[in-house]
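Here is the structure we will look at.
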Amino acid sequence: MGNLTLAIIKPDAVRQNVIGEIISMITAAGFKIKAMKMINLSRESAMGFYEVHKERPFYGELVDFMTSGPCVPIMLEKENAVEDYRKLIGATDPAQAEEGTVRKRFAKSKAENCVHGSDSDENALIEIAHFFSRDERLTNYGL
Ligand code: ADP
Ligand code: MG
């Protein structure tokens, strides 16, 4: 069972000024912050991060959205991190998200859905390495 995941507080949530509320929900759920920063993603970086979705009809819209303002990538640690964090954020479409989840509380649409979460332990490591250098991680975990 992996213990790391990569969260991103997306530009729509930064615009809503709810970075603090979302981080509070994350830490209240037992996650430890291992690396964090606020950045403006370049188009190149956003396209690379979402490369798995490049054939999907929403890819262009997704890259536009993710580069529309600053976002906050966060490396998180907890036992069963990937699954537990995805439970905390709720379904991709906020209309389907359960009460009490981050997306139910703050997301406006399927596209502008406030937060990212890795979908597997393998992708978590790839995504953490996309944003954070060895020196930026409190724990290196051999990455
Ligand atoms: P998740 O973020 O829940 O893992 P996906 O990996 O399927 O969801 O999609 C990545 C991101 O692409 C979503 O978080 C959302 O911002 C955007 N997205 C997904 N589906 C759609 C859609 N049908 N229309 C517009 N944007 C979408
Ligand atoms: Mg995904």
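The values are calculated or read from the model by the stated rules, or taken from the named source; none is laboratory data. Everything numeric here is computed off the predicted structure, so don't read it as measured data. Please note: Cβ atoms are built from the backbone with ideal geometry, for glycine as well, and neighbour counts cover all protein chains shown. Only protein heavy atoms, including side chains, enter the accessible area calculation; ligands, DNA and RNA are left aside. Shrake-Rupley method; radii C 1.70, N 1.55, O 1.52, S 1.80 Å.
Just a few scattered comments:
- Solvent-accessible area of T92, all protein chains in place: 60 Å² (probe radius 1.4 Å, heavy atoms, ligands and nucleic acids excluded).
- Whole-number Å³ per residue for the convex hull built on Cα positions in the stretch 1-41: 86 Å³
- Between F49, F132, F58, the Gaussian network model of the chain with springs among Cα atoms under 10 angstrom shows the greatest mean-square fluctuation at F58.
- Net +/- balance of residues flanking A107 in space, Cβ distance below 10 Å, scoring K and R +1, D and E -1: +3
- For the stretch 100-109, 3J(HN,Hα) per residue [Karplus equation, 6.51 cos²θ - 1.76 cosθ + 1.60, θ = phi - 60°, Hz, x = Gly/Pro]: x, 8, 4, 5, 4, 6, 10, 7, 9, 7
- Surrounding net charge for V18, when Lys and Arg each add one and Asp and Glu each subtract one, Cβ distance under 15 Å: +3
- Overall Cα dimensions of the stretch 38-104 - principal axes, largest extent first, Å: 32, 26, 21
- Charges were assigned to the Cβ only: +1 to each Lys and Arg, -1 to each Asp and Glu. The resulting dipole of the stretch 4-133 about its Cα centre is roughly 400 debye.
- Helix-only [θ]222 nm of the chain, DSSP H runs n ≥ 4, -39500 (n - 2.57) each, per residue, nearest 500: -10000 deg cm²/dmol
- Here the ratio of the Cα radius of gyration of the chain to 2.2 N^0.38 Å is 0.97.
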